[in-house]
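A.B. asks: Starting off with a structure, shown below.
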Amino acid sequence: MKTERRREGREERREREKQKEKDEWIPKTILGKKVKGGEISSMNEVIESKLPLIEPQILDYIFPDLEEKMVDFTKTTKVRRAGRQFSFRATVLIGDKKEFLGIGTGKHKEKWPAVRKATRRAKLNLTRIRKGCGSWECTCGTGHSIPFKVKGKASSVKIELMPAPKGTGLVVGNNIKDVFDFVGIRDVWSKTSGSTETKLNFIRATINALSKTTSLKVSDEIKKKVAK
């Protein structure tokens, strides 16, 4: 019970800090002023504006219910002349459960500043993911899977994602299921190679593969498989 109360207390403090930061934010860029002024209200408009996204507070206005999760946390050591210097490295995954996904890593001498730094970087690394129904076994036309096969790589980890019919589920490693959950993909097949035990590289390889659903040029036939 005490642990749950402490966790709830931490979450409440974080929400208060976020709201305070949002209220006190004074935008310094053209994009930030347009977002706070209500001229731009969606991430698609931000992308179309082609203005640099360098203020993480912009995402707090566009995505008030953005989901966050710390997917990796380690204690690092650096040897200097004065001795060993310890710090923390945190990796945070964010998503809107629909089409946007981001990941960020931050380092600091203390735990929570490292988490906050990772969250800010994740917001600035937000990527749009294209969903669809690309499996030949399914013709529902909804965005439950990916529209076509994609490959991703991070360090030694390689992953190949393939569209799956509705009801298949996430046939992937447990370390990357959060990635698909944060973008709303419910059915997919995968094929992996390399050191998948390294969780951070596994997640980065998956996001690299998913980002290719929007970066690759597709034919008119594949566009029909993309969920509207």
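Since every read-out is calculated from the coordinates, none of them should be taken as a lab result. Everything quoted here is computed from the prediction, not taken from an experiment. A quick note on method: Cβ atoms are made from the backbone with ideal geometry, for glycine too, and the neighbour counts reach across all protein chains shown.
A.B. asks: Across the chain, where is the longest run that never hits GluC sites (Glu not before Pro) in a DSSP loop with at most 15 other C-beta atoms within 10 Å?
C.D. replies: 40-109
A.B. asks: Compute the angle between helix 2-24 and the longest alpha-carbon principal axis of the chain, please, reported from 0 to 90 degrees and rounded to the nearest 10.
C.D. replies: Relative to the chain, helix 2-24 is tipped by roughly 90 degrees.
A.B. asks: Provide W189, W25, W136 in ascending order of the number of other Cβ atoms located within 10 Å of each residue's Cβ, fewest first.
C.D. replies: Ordered by Cβ neighbours within 10 Å, fewest first: W136, W25, W189.
A.B. asks: Still on this model: Starting with the fewest neighbours, write out H108, H144 ranked by other beta-carbon atoms found within 10 Å of each beta-carbon.
C.D. replies: In increasing order of surrounding Cβ atoms, one gets H108, H144.
A.B. asks: While we're looking at this one, here's another question. Taking the inverse of the average 1/r across all pairs of different Cα atoms in region 65-128, what Kirkwood radius in Å do you get?
C.D. replies: 12.3
A.B. asks: Right, something else. Of the listed pairs K111/K153; K123/K177; K177/K212; K75/K98; K22/K78; K28/K69, which have alpha-carbon separations greater than 23 Å here?
C.D. replies: As for pairs spanning more than 23 Å Cα to Cα, those are K111/K153; K75/K98; K22/K78; K28/K69.
A.B. asks: Quick check on the chain: helices-only [θ] at 222 nm, where DSSP H runs of length 4 and up contribute -39,500 (n - 2.57) each and the sum goes over total residues. Nearest 500, please.
C.D. replies: Taking each H run of at least 4 residues, the total per residue is -11000 deg cm²/dmol.
A.B. asks: Have a look at P113, I146, G169 and report the one farthest towards the positive end of the charge dipole of the chain, computed about the Cα centre with Cβ charges (Lys/Arg +1, Asp/Glu -1).
C.D. replies: Highest projection toward the positive end goes to P113.
A.B. asks: Something else now. Quick one: order L124, L66, L210 by neighbouring beta-carbon count within 10 Å, fewest to most.
C.D. replies: L124, L66, L210
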